[in-house]
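Working notes, beginning with the structure itself.
Taken together, the values in this text are just the output of simple stated rules run on the coordinates, not laboratory data. These numbers were taken from a predicted model, which means no experiment stands behind them. Positions of Cβ are backbone-derived with ideal geometry, glycine not excepted, and every protein chain shown enters the neighbour counts.
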Amino acid sequence: MNQQSDRKETISSSLAIQPIRLRAALAIGLLTAATLAVALAAAWRERQKVGIIDADGYAGYGFRIAEGQGLVDPQGRPTAFRGPTYPLVCAGLALVFGPSLEVIQTAQCVFYALANGLIGLLAYRYGVRLRVVVLAMLGVMFFWPAWPWFCHIFTEPLFTLLLALILWAWLEMVRRPTWGNHLITGLLLAVGALCRPEVYVLVPIPVLDTLHRQGWRSRKSWAGVGWILLGFVLLEVPWVVRNWLSVGRAILTAQTGTENFFLATWYQEANWHGNPLHEPERFPPAGQGFWQLPVEERNRIFREMGWQNIRQSPGQVFLCIPKRFLMFFFQYPPRGWLPTPKGLLLGVPLYLLAILGYRWSPESLKILLRRALAMVVVLALIHSLLVSEFRYSHPVQPYILLMASVAFWQLAEQVRKAILPRG
């Protein structure tokens with residue numbers, strides 16, 4: 001039965017792949033270029049107002065790598081405080097163009113534009129009409145809440161592109177289950193996980209997808225799983241070994257686990273307004289040299305404070321979960337967990353249209369959307385449980401905008417038929 005379902009989906013996938021016609025290629029290419037132009041303009045405008053903020057230190061880590069110091073903190077100590085993917089990207093840019101925040105900002109605009117183009121291309125190949133693709137790409141282009149995250153140095157633009165590449169490889173693995181496609185999927189999953197640890201929760205889904213489609217007793221399916229895992233460990237194991245040798249711990253992505261644990265329990269402040277971890281009146285250790293302590297000592301303090309919050313008020317800690325869920329989907333502008341009128345005005349119509357769009361999508365597109373929705377669910381789950389901001393949803397907003405665009409055109413077609421006289 002599983003083998004039959006595998007054949008059915010593989011055949012339907014191959015039928016869904018429509019060739020890229022010249023008109024579609026030109027439209028998607030022009031919209032990708034337009035996305036880059038809009039992103040660069042937004043970045044330039046933001047740069048004139050406040051400069052470029054390396055808020056999470058990725059550029060600094062990258063510049064030190066380019067100087068030959070390795071992945072070290074500002075004091076020169078080996079660190080795994082950030083995952084290696086983005087610091088290595090910043091290091092590569094610094095080696096080619098010199099250590100410049102403007103270069104990294106420009107690269108982020110390129111990542112965002114390429115992600116928009118790749119998602120549009122995938123949607124078209126899986127049966128979406130060109131006008132729907134155009135609307136979805138315009139939506140991503142002018143999705144203004146995402147602009148600050150490619151204007152300043154954050155992982156969101158690169159992570160958006162990495163998720164699009166993972167989806168592309170995953171779909172190719174479904175369409176043509178060769179060892180190469182399985183291996184590429186595993187490699188891209190590893191690059192994504194070394195950028196943002198949410199991807200570790202995503203990894204089992206392509207694995208289970210392979211076993212479900214090709215059969216749990218099939219040697220071919222288990223071989224595919226093996227190739228996925230091989231690709232993943234080829235990049236993951238060297239990083240874990242490096243951390244063991246450099247910082248004395250087998251760290252998978254970054255040393256932020258205990259910080260996230262504390263934030264998940266910090267019901268008094270946790271991410272509601274601004275950046276409370278650096279405000280002494282809200283986080284007293286910040287005024288007592290906390291951020292100058294070694295990472296291990298900071299982690300110990302975070303762990304103790306987190307458990308203290310759980311013992312003190314477990315109910316309040318639990319109520320943080322639905323609050324973080326609302327932040328993930330509705331926190332615009334970024335000021336606390338309670339949805340603002342702007343957040344509701346943007347989010348409610350968008351998500352309702354997306355639900356309708358999925359229902360009205362052709363079966364060929366649902367092959368793509370089911371896997372994209374797995375990414376949406378993983379990110380929403382992780383950030384509802386741990387740390388949440390609206391920006392963490394931005395890497396999956398293009399898929400929500402795609403589904404909403406399907407519904408918009410479907411509704412527009414129904415209105416047109418109702419208004420225009422027949423015959």
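For this structure, a couple of remarks:
- Span-like helix criteria (full DSSP H runs; alpha carbon extent of at least 20 Å along the helix axis; mean Kyte-Doolittle hydropathy of at least -0.5) are satisfied in the chain by 22-50, 101-125, 156-175, 179-193, 219-247, 314-330, 341-360, 363-385, 397-419.
- Highest average packing first - 382-390, 32-40, 69-77, 186-194, Cβ atoms within 10 Å: 186-194, 382-390, 32-40, 69-77
- Ranked by how many other beta carbons lie within 10 Å on average, peptides 96-102, 204-210, 239-245 from highest: 204-210, 239-245, 96-102
- About the Cα centre, charge dipole magnitude for region 256-406 (Lys/Arg +1, Asp/Glu -1 at Cβ), debye: 500 debye
- Relative contact order (%) - region 256-406, alpha-carbon pairs under 8 angstrom, separation at least six: 28 percent
- Packing-based ranking of 355-361, 162-168 yields 162-168, 355-361, ordered from highest to lowest mean Cβ neighbour count within 10 Å.
- Local electrostatic count at residue 293 - Lys and Arg +1, Asp and Glu -1, tallied over other residues with Cβ under 15 Å: -1
- Dimensions of region 176-220 from C-alpha coordinates, computed as largest minus smallest value along each principal axis and given longest first, are 33, 20, 13 Å.
- Using distinct alpha-carbon pairs, which all enter the 1/r mean, Kirkwood radius of region 194-288 in Å: 16.7 Å
- A cut-off under 14 angstrom between Cβ atoms defines the neighbours of residue 335, and their net charge, with Lys, Arg +1 and Asp, Glu -1, is +1.
- When the inverse distances between all different Cα atoms of region 136-275 are averaged and flipped, the Kirkwood radius reads 17.3 angstrom.
- Relative contact order of the chain, defined on C-alpha pairs under 8 angstrom at six or more residues apart (%): 19 percent
- Isotropically averaged projected area of the chain, using the convex hull of Cα atoms (one quarter of hull area), nm²: 24.2 nm²
- Pair-distance profile P(r), taking every C-alpha pair of region 256-406, with 5 angstrom steps and integer %: 2, 9, 16, 18, 16, 13, 10, 7, 5, 3, 1, 0
- The dipole here belongs to the chain: it is taken about the Cα centre, uses +1 on the Cβ of Lys and Arg and -1 on the Cβ of Asp and Glu, and is about 1600 debye.
- Global form of region 341-419, assessed from the alpha-carbon gyration tensor, a/c cut-off 1.5: oblate
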